[in-house]
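Participant: Just dropping this structure here.
The values are calculated or read from the model by the stated rules, or taken from the named source; none is laboratory data. All figures in this text were calculated on a predicted structure; none of them were measured in a lab. Don't worry about glycine lacking a Cβ; one is built from the backbone with ideal geometry, like all the others, and counts go over all protein chains shown. The area values use the complete protein model at the heavy-atom level, side chains included, leaving out ligands, DNA and RNA. Shrake-Rupley method; radii C 1.70, N 1.55, O 1.52, S 1.80 Å.
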Amino acid sequence: MRTDLHRHITDSLTGVRNLGILAHVDAGKTTITERILYVTGATYKRGEVHDGTTVTDFDSQERDRGITIFAAAVSCAWDGHRIHLIDTPGHVDFSDEVERSLRVLDGAIAVFDAVAGVEPQSESVWRQADRHGVPRIAFVNKLDRAGADLDTAVASIRERLRVVPLVVQLPIGREDGFTGVVDLLRMRSLVWAGGRDTFEEGPVPDALLEEAHRRRRLLEEAVAELHPVALEEFCAESAISAPTLATALRDLTRTGEGVVVLCGSAYRDRGIEPLLDAVVAYLPSPLDVPPVRGTPDGSRAGTQDGSRNGTVLERAADPAAPFAALVFKVSSTATGRLSYLRVYSGTILKGDTVLDAGARRTERIGRILRVQADRNTEVDRAVAGDIVAVVGLKAARTGATLCEPSAPLVLEPPVVADPVVSVAVEARRSVDSGRLASALARLVEEDPSLVVRTDPETGQTVLSGMGELHLEVAVEKIRRAHGLDVGVGRPQVAYRETVVRGVSGLLYRHVKQDGGAGQFAHVVLDVEPLEPLEPLDTAQDAAGFVFRSTVVGGRVPKEYVRAVEAGCRDALAEGPLGGHPVTGLRVTLTDGATHPKDSSELAFRAAGRFALREALRAGVMALLEPVVEVTATVPDDAAGGVLGDLAARRGRVSGSTARAGTVVITATVPLAELFGYATRLRSRTQGRGTFTTRATGYAPVPGAVPDGMPPR
């Protein structure tokens, strides 16, 4: 019985499409998703972003802000095919959410604004899809807007994305007069007019007939250049038939050699049905993509050469094969923890025990849910090609591989980007500190691109993410979901203090008599700045501190010398300027004296501590601030503005290199000046600029030290 079931489902895998919708923010992704759900009958009412009634933007913050923040999965059916659709965020701060979605998708619809064409984040998500090898079709949206032009948008696709656009439709009407499209494959018109929910099919309008034939010819020529079978027919017949053209478009889409371009206006319900037909016709099913690859132990999983011992395992999209799935998203709901899976092979049943291969522990599947954004329907099983959510996994994290316990397999997890912006968070009430720690742990579990750490010097809890909006959303989620009053601020910069001019021959006598054995220690210290390039002992170099003794004649025994050094290190914890740690100094013990009864290691340690504190107060000190090396990659037309902004942030540019339309700028910038830089850079470069940072040490705070002091 189960074999027959598997055979039936295997046959139906050709009718499954796993795809995402990718675009720049406000290009119309969510509206397209809503119209797809409505047209396919998955919903009975059109949701609108501006009304906060969309299915996929169900989170309260998404509805308040009018943007997609969290990737949402929905399912629908069209022309006998099951479509699993993921609506992804468009804002650059949430690009990691897009990355996790692309990891499990077989195809995508790239949406472009008919007025703006390829926008910065459109380009970024396109490159992400390139890295994952995800086939795409393009949909030029908002043709009803003033200034909309299909040809201009297609030209930007060709120039900015460097792909071959294969335009299969011609708009009927312009701007407010846009009513439909001409299907260039079947040479027919599709018109949505009079408020009808469906289109009316008819012949190509006479006014557009000549232009339609010209564009059909251009399409045939473009396809013939890329597809050998189409070229053969084109050479023999001077034309390409509709069936051959459709086959060629499917092949070119799946290899990435060409991109099918459709057009419409999602808000006005025009162009959605042909878009769904294109999804079914051109994008791959789970059977059309290569088998997923992994390793038995996770070493170098997903690479071409497999693990260190050369073992590579493949799992085809076969329900009868051993079970293997990837957890690509984890979310907490009022009813429990949901883990979203892409099932690559095998079948999973409610109540099954699976292996978390990376963690080497078993988990039990409590329930399996067919997800419709924030609503779901319970099902008994999930098979290869499915995207579902499961309840019951207690410890599996995003990126975990779930598999058959008897056939372990570790798949390559989604890549998590390094965070670039940080804020300090704290509970306004001390009694809520434990709840805040728990909320942050849950937040990081749901979104791996967030990082929580405790600053070892300031003691602050620091939350790091992909941008200021990303962190703002995360903090607001803590407030709303957990009812916590959370304070947010800039992390305290970990300043240092150093010696600019020291003292010589500072004498300190530590004498204490309070009954019984007393304390006596006599030390003489020289304190001087440490040269930045001076070779140091490895252990001392980390602290920027050197201690040595020139005492002769045994005036201070060796065990007391070590105690003096320990006392000096105690004094380094707080400097005289602001209580910051002290670095960059050399202390020399030149002389001392002991008492036959009252001297001890404790006494000499106290003497070293108080003596160095007194020496630091007597000398000239300077305040140091942490600096980082910033490497910014920006478009060449924005380089001047970026350089000016770095200079305004007290940055010192150390290099600039031109690379194929971009400029790589390297500069040293104080860490305190980088707060808000990610947003500023994106603004100056229209979202196309990126940057990385690397800690390089400390430099003097301007005005707080004598001129000419070198950085440390």
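Participant: Which whole-number percent is the relative contact order of the chain (Cα, under 8 Å, 6+ apart)?
Facilitator: 9
Participant: Measuring from label point to label point, each 7 Å out along Cα→Cβ, what is the SER12 to ARG217 span in nm?
Facilitator: Here the answer is 4.8 nm between the modelled labels.
Participant: Need one number: nm distance between label points at SER241 and VAL511, each 7 Å from Cα along Cα→Cβ, rounded to one decimal.
Facilitator: Output for this residue pair reads 11.4 nm.
Participant: Right, something else. Using protein chains only and a probe of 1.4 angstrom, how many square angstrom of ARG82 are accessible, to the nearest 10?
Facilitator: Roughly 90 Å² of ARG82 is accessible to a 1.4 Å probe.
Participant: Using the alpha-carbon atoms, what tilt in degrees (0 to 90, nearest 10) does helix 272-282 show relative to the longest principal axis of the chain?
Facilitator: Rounded to the nearest ten degrees, it is 80.
Participant: Shifting gears a bit: For Cα pairs less than 8 Å apart in space and 6+ apart in sequence, what is the mean separation divided by the residue count of region 168-263, i.e. the relative contact order in percent?
Facilitator: Relative CO of region 168-263 lands at 22 percent.
Participant: Computed FRET efficiency, Cβ-Cβ of ARG555 and ARG162, R0 60 Å: what is it to the nearest 0.05? Numbers along the way, then the final one.
Facilitator: Working: r = 77 Å, r/R0 = 1.29.
For ARG555 and ARG162, the calculated efficiency is 0.20.
Participant: Determine which residues of region 310-354 fall in the zone a paramagnetic label at ASP380 would reach in this model, i.e. backbone nitrogen under 12 Å from the point 7 Å along Cα→Cβ.
Facilitator: 349-350
Participant: Right, another one. Using a 1.4 angstrom probe on the protein heavy atoms only, could you order TYR495, TYR340 from most to least accessible area?
Facilitator: Ranked list, largest accessible area first: TYR495, TYR340.
Participant: Also, I was wondering about something else. Quick check: pseudo-label points 7 Å beyond the Cα along Cα→Cβ at GLU257 and ALA437, how many nm apart are they?
Facilitator: Result for the modelled spin labels: 6.0 nm.
Participant: Go through LYS350, LYS329 and list them by solvent-accessible area, largest first, probe radius 1.4 Å. All intermediate terms of the calculation are to be shown ahead of the outcome.
Facilitator: Values: LYS350 105, LYS329 30 Å².
Per-residue accessible area, sorted high to low, gives LYS350, LYS329.
Participant: Between THR152 and ARG364, 0.36 nm times their residue separation minus their Cα-Cα distance comes to what?
Facilitator: 71.0 nm
Participant: If I compute solvent accessible area with a 1.4 Å probe over the protein chains, what percent of it on the chain is carbon and sulfur?
Facilitator: Within the chain, the accessible surface is 49 percent carbon and sulfur.
Participant: Hey, what number do you get for the chain at 222 nm if only DSSP H runs of n ≥ 4 count, each worth -39500 (n - 2.57), divided across all residues, to the nearest 500?
Facilitator: Numbers: 17 runs with 200 residues, N = 712.
-8500 deg cm²/dmol, from helical runs alone.
Participant: How large is the accessible surface per residue of region 97-169, computed with a 1.4 Å probe and reported in Å² as a whole number? Write down the numbers at each step before the final one.
Facilitator: Details: 2160 Å² over 73 residues.
Here the residues of region 97-169 average 30 Å² of exposed surface.
Participant: Answer rounded, prolate or oblate for region 132-173, using the Cα gyration tensor with square roots of eigenvalues a ≥ b ≥ c: rounded when a/c is under 1.5, else prolate when a/b is larger than b/c, else oblate.
Facilitator: prolate
Participant: Between the DSSP loop rule and a limit of at most 16 other Cβ atoms within 10 Å, which GluC sites (Glu not before Pro) in region 456-530 are left?
Facilitator: Qualifying residues, ordered by number: GLU457.
Participant: Per the Debye formula with a single identical scatterer at each Cα and no solvent contribution, what log10 I(q)/I(0) holds for region 91-211 at q = 0.16, 0.21 Å⁻¹?
Facilitator: Result of the Debye calculation: -0.86, -1.18.
Participant: Take every Cα pair under 8 Å in region 592-687 that's 6+ residues apart, average their separations, divide by the length, and report that relative contact order as a whole percent.
Facilitator: The value is 27 percent.
Participant: OK, next. Per residue, how many Å² of accessible area does region 383-493 show with a 1.4 Å probe?
Facilitator: On the way: 4850 Å² over 111 residues.
Ligands and nucleic acids excluded, the result is 44 Å² per residue.
Participant: Please report the spacing between the Cα centers of region 328-361 and region 119-150 in Å, no decimals.
Facilitator: Measuring centre to centre over Cα atoms gives 32 Å.
Participant: What shape does region 359-403 have by the C-alpha gyration tensor, where a ≥ b ≥ c are the square roots of the eigenvalues, rounded means a/c under 1.5, and otherwise prolate means a/b greater than b/c and oblate the rest?
Facilitator: prolate
Participant: Are there trypsin sites (Lys or Arg not before Pro) in region 404-449 that DSSP marks as loop and that have at most 13 other Cβ atoms within 10 Å, and which are they?
Facilitator: Those satisfying the criteria are ARG428, ARG429.
Participant: Just to be sure I understand, if you calculate Rg and Dmax of the Cα atoms in Å for this structure, which of [x] 32.8, 116; [y] 32.6, 124; [z] 29.0, 109 do you get?
Facilitator: Only one option fits the structure, namely [x].
Participant: OK, next. Please compute the per residue accessible area over region 555-621 with all protein chains in place, 1.4 Å probe, rounded to a whole number of Å².
Facilitator: About 45 Å² of surface per residue is accessible.
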